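Engineer: Let me begin by handing over the structure; questions about it come next.
The values are calculated or read from the model by the stated rules, or taken from the named source; none is laboratory data. All of these numbers come straight from a predicted model, not from anything done at the bench. Virtual Cβ from ideal backbone geometry, glycine too; neighbours counted across all protein chains shown. These area figures cover heavy atoms from the full protein model, side chains too; ligands, DNA and RNA do not enter into them. Shrake-Rupley method; radii C 1.70, N 1.55, O 1.52, S 1.80 Å.
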Amino acid sequence: MHTIGSWLQLPPADYPYLRALAHDQVFTQELLPSTSQLALSDSATGQLQAYFRELVQERRRAPGNDPVSGWLRTWDALAADREAADEAVYLLALLVFLAAPETTSTMLSTMVWLLLEHPRQFGWLRAHPDHVPDAVEEVLRYDSPNHIISRVAPEDTMLAGVPIEKDRMVHLMIGAANHDPRHHLDPGVFDIRRKAAHLSFSSGIHYCLGAPLARLEATTLLTALLGRLPGLQVSAPPVWAPRVGFRRITELRVVPS
Ligand code: HEM
């Protein structure tokens, strides 16, 4: 929240409010959300829409040296329609915000949990910190923060030999792909040295815009953790939110040594 909030130059006092809305909003992207989860998500989406529309208007009134003001300047230089610019920039700011904190915070807690669960690998990493980026990739492969990418078929099509009718929704299961034994030897084994490619940031034209930032956050956290809390241990099993699409540890209790 802090990373994305400071990049977009949002007031830090708003972070707790925005974080709570981001948590509630994800249910629209769940596989089988309940009615009450969807209601929660609708309400969060409405509040986030209002927040980011207001943000764009604020940056219009007082442009600064921040990405939202920069996107407005770029758009204005390309086309005269200010309303269209405001709408496009609002959607971009909202998308960037929604895509960032839930996925990244989940990855950070899963990473800590997985490495503490594998103390030999955690210890090896301490002696070989240059392999921290490999560990981050293996965390992303082994337990991706986001397990579902959904698409609607624009026309009748065949996907890997399966006929898909026009307008049908297809869910791509990232976790299953990352554990496909045809691509990964012993996929159920967590091995920070395997250097395997994964689909956790998707692929193709919609490849995650924030992948370098997420990787930077994870390598920064892990490097600091190895240096400052080398004896860290899990003191109780983690608590998981009962979700499929966006995996999330809600509680991970640790002790320093
Ligand atoms: C570990 C953290 C992250 C994971 C696992 C992740 C995962 C993904 C995935 C799977 C997609 C593709 C969705 C689709 O095709 O429907 C995506 C797209 C996107 N991500 Fe991330 N993301 C992460 C962090 C971030 C961060 C930090 C940002 C912003 C700074 C971000 C911004 C975006 C944006 C804007 C898109 C849409 C790209 C497009 O459609 O062209 N993501 N992300």
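Engineer: Give me the pairs: first residue in segment 100-117 and of a type in the set (Asp, Glu), second residue not in a helix (DSSP H, G or I), beta-carbon distance under 9 Å, and six or more apart or on different chains, which are they?
Structural biologist: Every condition considered, the pairs that remain are Glu102/Pro145; Glu102/Asn146; Glu102/Phe246; Glu102/Arg248; Glu117/Phe190; Glu117/Val234.
Engineer: Right, something else. Mind checking which pairs have a first residue in segment 190-205 that is in contact (Cβ under 8 Å) with a residue 60 or more places away in the chain and a second that is within 16 Å of the ligand (Cβ to nearest atom) and among the aromatic types (Phe, Trp, Tyr), Cβ under 8 Å, 6 or more apart or different chains?
Structural biologist: Listed by first residue and then by second, the contacts come to Phe190/Tyr142; Phe201/Tyr207.
Engineer: A further question follows. For segment 40-58, give me each residue that is open to solvent by less than 60 Å² (accessible area, probe 1.4 Å) and within 24 Å of Val170 (Cα to Cα).
Structural biologist: Across segment 40-58, the qualifying residues are Ser41, Thr45.
Table: residues versus (1) within 15 Å of the ligand (Cβ to nearest atom); (2) over 28 Å from Ala224 (Cβ atoms); (3) out of contact with any Lys or Arg (no Cβ under 7 Å at 6 or more places or on another chain).
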{"position": "Val136", "(1), (2), (3)": "yes, no, no"}
{"position": "Pro145", "(1), (2), (3)": "yes, no, no"}
{"position": "Ile149", "(1), (2), (3)": "yes, yes, yes"}
{"position": "Val162", "(1), (2), (3)": "no, yes, yes"}
{"position": "Val170", "(1), (2), (3)": "yes, yes, no"}
{"position": "Asn178", "(1), (2), (3)": "yes, no, no"}
{"position": "His184", "(1), (2), (3)": "no, yes, yes"}
{"position": "Ala196", "(1), (2), (3)": "no, no, no"}
{"position": "Gly204", "(1), (2), (3)": "yes, yes, yes"}
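Engineer: Going by the conditions given, is Gly210 in contact with a strand residue (DSSP E or B) (Cβ under 7 Å, 6 or more places away or on another chain), within 12 Å of the ligand (Cβ to nearest atom), outside the structural domain of Ala93 (by TED's automatic domain parsing) and closer than 30 Å to Ser34 by Cβ? Even if it seems obvious, please write down each step before you answer.
Structural biologist: On the way: in contact with a strand residue (DSSP E or B) (Cβ under 7 Å, 6 or more places away or on another chain): no; within 12 Å of the ligand (Cβ to nearest atom): yes; outside the structural domain of Ala93 (by TED's automatic domain parsing): yes; closer than 30 Å to Ser34 by Cβ: yes.
For Gly210, the condition - in contact with a strand residue (DSSP E or B) (Cβ under 7 Å, 6 or more places away or on another chain), within 12 Å of the ligand (Cβ to nearest atom), outside the structural domain of Ala93 (by TED's automatic domain parsing) and closer than 30 Å to Ser34 by Cβ - is not met.
This table checks each residue for (1) open to solvent by 40 Å² or more (accessible area, probe 1.4 Å); (2) outside the structural domain of Phe27 (by TED's automatic domain parsing); (3) of a type outside the set (Val, Ile, Thr); (4) in contact with a helix residue (DSSP H, G or I) (Cβ under 8 Å, 6 or more places away or on another chain).
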site	(1), (2), (3), (4)
Val112	no, yes, no, yes
Leu116	no, yes, yes, yes
Pro119	yes, yes, yes, no
Arg126	yes, yes, yes, yes
His131	yes, yes, yes, yes
Ser144	no, yes, yes, yes
Pro154	yes, yes, yes, no
Gly161	yes, yes, yes, no
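Engineer: Only one of Thr223, Thr250 is modelled with pLDDT of 95 or more and either outside any loop (DSSP other than H, G, I, E, B) or open to solvent by less than 70 Å² (accessible area, probe 1.4 Å) (or both); which?
Structural biologist: Numbers: Thr250 fails: modelled with pLDDT of 95 or more.
Exactly one of Thr223, Thr250 is modelled with pLDDT of 95 or more and either outside any loop (DSSP other than H, G, I, E, B) or open to solvent by less than 70 Å² (accessible area, probe 1.4 Å) (or both), namely Thr223.
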